[in-house]
1. Using a cut-off of 14 Å between beta-carbons, work out the net charge of the residues near residue A:356 (Lys and Arg +1, Asp and Glu -1, residue A:356 not included).
2. Return the average number of partner chain Cβ atoms within 10 angstrom of each residue Cβ along peptide B:63-73.
3. Taking only DSSP H segments of four or more residues, each worth -39500 (n - 2.57), what value at 222 nm results for chain A once the sum is divided by all its residues, to the nearest 500 deg cm²/dmol?
4. How many Å² of accessible area per residue for segment A:417-534, probe 1.4 Å?
5. Quote the FRET efficiency, to the nearest 0.05, computed for residue A:451 versus residue A:384 with a Förster distance R0 of 41 Å and r equal to the Cβ-Cβ distance.
6. How crowded by other chains is A:526-539, given as the mean number of beta carbons from other chains within 10 Å of each beta carbon?
7. Once you have the alpha carbon radius of gyration of segment A:1-75, what is it after dividing by 2.2 N^0.38 Å, with N set to its residue count?
8. Give the Rg/Rh ratio for segment A:290-367, taking Rg as the radius of gyration of the Cα atoms and Rh as the Kirkwood radius, to two decimals.
Amino acid sequence: MSTFTVVVLVAFLLFTVIGVVMSRSVKDTADYFVAGRNAGVLLIVGTLVASYLSTVAMMGEAGFAYDGFAWVTLLIGAISQTGYMVGVLLFGRYLSEADTLTIPEYFGRRFNSRRLRGLAGISVLIGIGLYLVAVTRGISLVVTELTGISGVWAVAITWAAFTLFTVLSGSKGVIVTDTIMFLIFTIGGTAAFLSVIYSQGGFREVFSTLAANPEWRDGFLWHGAVGPDAVLASPLDSLVYIVTFGVVWMFVIAVSPWQASRYLMAKSPAVALRAGAVALVVVLAFYTILLFTAYSINITNPAITPSENVFIWAAENIMPLGLGLVLVVGLMAAGLSSASTFLSLVGFSAIHDVVPWVRKGASPADSPEGGVQQARIAMLIVGLAALVITVVASPKVLDIGYMAAAFFAASWGCVAFASTQSARITERGAFYGMLCGGVAVLILRSLDLFVGVSLPVMLDPVIVGLIVSLGAIIVGSMTSQPTEPEIRYLTALKKKVERSTGKRELVVSQRYLMVSAVLTFLLILGIGVLYVPAMMRTA
Amino acid sequence: MRLMRASPGSLTASCHPVLISNTKAGIGGACCFIKFRTLKGVHMFTYIFPLVYLGTVPIAVLIWGYWTLTKEGNSGEE
């Protein structure tokens, strides 16, 4: 058994032990569903970033950067990561005062609507359920790559690693393990990336080498290694791609259940706001070092295939053993933390939103203590279903799973923002806005996936879905009137957010934003000092 | 000072051959310099564009957040 195998298995065991320990402090449904609504800035940042970054970032996007599109991926992030700020200001901080256990419950209460809550709950159950299947399969492939354990065993080990602690401890365990995983892959990962850069001569040397070599110079420009045979044909294609995908992912970060639901656990709206600002800077900084390191590995080995294994190769061949192990554990942690969040969301929605909607009764979770046991059973059932689907799923099922991000951005985006910012949106507008936006994305993505008919990049299905959703909200709200309970709920929610943010709280939150802006500026300055002279010297 | 204000034509007509040759070289040099700077400027733009883009968008949104909080604080006081 190799060192990598032992370390991966020990890490899995460790996460499970932490979950079991945390499960002892679960007393009621508020603890199980929303970690007692008592989480501070670090825990919220930890769970936000850990739920967002998965193997997609550490492998897929790293591979894209290695192929010559480091800047393109980073520039997409410049827009998309503002979703943390936009999302928390327009939606997230209201959730933290909504006093609900799930986001579908919030929608149901805000619009006094069972059908809207049911629709949102079913979206979470199916959309994130399939996403969970795709992510589990993704992590199990990494387990196979690292340990040699393959097939059903790799899936089963992966599944057990995140299911046991999620079922036992719910959000209380998930938020702690997420934060530990976040610290491992940000601090440990950054140290590992720096070791790669320094093993190749340091930042200045790496930037100069990439700029001076005609083979790598194009890939080091903002538009990446464009060309007729490349993924992106011209600089204009790159620009359109950057802006479109930036906007799409901004909505994903702002309103998707696996990001916005984290604010339900925040101690106060001020904590949610500060966490959003910190997450923005942390993810931007982490992506910067991750993507440039991935591209720099071309200097040592320009022929890694598939390119998404770039960091696994680096961990095994460039990094010192200790840091290589940290990176591998961080890579696994990034995947597991997303999977545990997905499983918890699906389990919560199944028991708290979908079952009551189907039975036309109250949620079992409304009973504070008895609800925990039922929620655990529901989550285990959902988890077992996910395991079976993961084992038997065809690649097409996994592709459908990856639609989840697009689906929630279009379906929930406009409704979520309007629900806190407009008193004129009605239940009918919200219901059809959510339904039409989601259906539009599913149709367009399915046409692309199964029939091969795709729209230009500028008309990404999410952009079309958002427009359709907005149109449905406007038409639905124009043909009906907001009811008294809807207006009362919104007014009370706004007052709660206002009241909980005192003068001192406000000043501290503003300092967080100011420091985040200064750190972002220093980050850009740091890149500029290395990048511009290197490119100018070799122009 | 007088030479600087004179037109290039009067300059060549009224100056010593060495001075003419130096002036031509100077003009040529200036042209080269301007061309070099322009080329450098284009390159500079290509290299600085991603940095400006990368910085402007997040910082603008953070400033918007700061401004929103200030506005809410003011309306709360009223």
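1. +3
2. 6
3. Values: 25 runs with 387 residues, N = 539.
Estimated from H runs of four or more residues: -23500 deg cm²/dmol.
4. 53 Å²
5. Efficiency, rounded to the nearest 0.05: 0.75.
6. Per residue, the number of nearby Cβ atoms from other chains is 3 on average.
7. Segment A:1-75 yields a ratio of 1.56.
8. 1.34
The values are calculated or read from the model by the stated rules, or taken from the named source; none is laboratory data. This one's a predicted model, so the numbers in the text were calculated from it and none came from an experiment. Here Cβ is always computed from backbone atoms with ideal geometry, including for glycine, and neighbour counts include all displayed protein chains. In case anyone asks, the SASA skips ligands and DNA or RNA and just uses the protein heavy atoms, side chains included. Shrake-Rupley method; radii C 1.70, N 1.55, O 1.52, S 1.80 Å.
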